[in-house]
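The values are calculated or read from the model by the stated rules, or taken from the named source; none is laboratory data. The shown structure was predicted, so the numbers you read here are calculated from the model rather than taken from an experiment. Cβ placement follows ideal geometry from the backbone for every residue including glycine, while neighbour counts extend to all protein chains displayed. We work out accessible area using only protein heavy atoms, side chains counted, and drop any ligands, DNA or RNA first. Shrake-Rupley method; radii C 1.70, N 1.55, O 1.52, S 1.80 Å.
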Amino acid sequence: MELLEERILRDGTVKPGNVLKVDNFLNHQVDIELIHAMADEFCRLFADCPITKVLTIEASGIAIASIVAEQLGVPMVFAKKAQSINLDGDLYTTQIVSYTHKRTYDVIVSKKFISPDDHVLIIDDFLANGCALNGLIDLVTQAGATIEGIGIAIEKGFQPGGDDLRERGYRLESLAIVDAMNADTGEIVFRH
Ligand code: 5GP
């Protein structure tokens, strides 16, 4: 998506450790007009899917997922990073290793909010190694629901998450795929 690529080139910064910082428009300050344009694109890409829920993970996925859900006319559910898990059986739980924070989170979704007859579109801001998405896929699988597709704002194509998910047969649409980036020069190369 050209608009997003232009914005990444304009406002994104490459940090050591293969981290692309997009705090200016996506991860801290949020450009709602851009989010609307991204949501339009996701809705176009998944127009043929009978989506009943949009699922993301807190916090950065929530802005995009909210607008996508609004446009589709379905609820948005966000998986929560839990401090402590109660074991009374009303939660789906999984574990996710955070790429940026280098720690493992227990992540939960209430069983009330995803059911076997749901058709879920998973949305997130970044895809790197795929840990966050594999956790979300695990939660949907536990619920017995159908995964219609996965929509990602920025995929780092030089990390294995995206290729792995495509090989496993998931319909994965990334609005921008970064194939290379360099923290010393600031150069960012997109896949087309
Ligand atoms: P994964 O689980 O695929 O390794 O990483 C995805 C998650 O880590 C995303 O939800 C995002 O929050 C975070 N993340 C991974 N790489 C980056 C990056 O380069 N920049 C930012 N801002 N977040 C990232």
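In percent, how large is the relative contact order of segment 1-116, given Cα pairs closer than 8 Å and 6 or more residues apart?
Relative contact order comes out at 17 percent.
Can you tell which of V14, Y105, A59 lies farthest toward the positive end of the dipole of the chain, using +1 and -1 charges on the Cβ of basic and acidic side chains (Lys, Arg; Asp, Glu)?
Ranked along the dipole, the leading option is Y105.
If amide hydrogens are placed 1.01 Å from N in the peptide plane, which non-local residues have theirs closer than 5 Å to the one on L127?
I154, E155, K156
Under a point-charge model restricted to the Cβ atoms of Lys and Arg (+1) and Asp and Glu (-1), what is the dipole moment magnitude of segment 70-125 relative to its Cα centre, in debye to the nearest 20?
Once rounded to the nearest 20, the dipole reads 300 debye.
Among C49, Q95, A153, which residue has its Cα furthest toward the positive end of the charge dipole of the chain, with +1 on Lys/Arg Cβ and -1 on Asp/Glu Cβ?
Q95
In whole Hz, what ³J(HN,Hα) sequence does segment 162-170 give by Karplus (6.51, -1.76, 1.60; θ = phi - 60°), x for Gly and Pro?
Each residue's phi maps through the Karplus curve to give x, 4, 4, 5, 5, 4, 7, x, 6 Hz.
If you place +1 on the Cβ of every Lys and Arg, -1 on the Cβ of every Asp and Glu, and leave all else neutral, what size is the dipole of the chain about its Cα centre, to the nearest 20 Debye?
520 debye
At 1.4 Å probe size, what's the solvent-accessible area of V19? Round to the nearest 10 Å².
40 Å²
Sum up the charges of everything whose Cβ sits under 9 Å from the Cβ of T94, counting Lys and Arg as +1 and Asp and Glu as -1, but leave T94 out.
-2
Ordering T104, T52 by accessible area with a probe of 1.4 Å, largest first, what comes out?
T104, T52
Report Rg(Cα)/(2.2 N^0.38 Å) for the chain, keeping two decimals.
Computed over Cα atoms of the chain, the ratio equals 0.99.
Which order do F158, F126 take by accessible area at a 1.4 Å probe, largest first?
F158, F126
Per-residue accessible area for R191 at 1.4 Å probe radius, Å² rounded to 10?
The accessible area of R191 comes to roughly 80 Å².
State the antiparallel share, in %, of DSSP beta bridges confined to segment 97-156, rounding to the nearest 5.
10 percent
Among DSSP beta bridges whose residues both lie in the chain, state the antiparallel percentage, nearest 5.
Taking every DSSP beta bridge with both residues in the chain, the antiparallel ones total about 45 percent.
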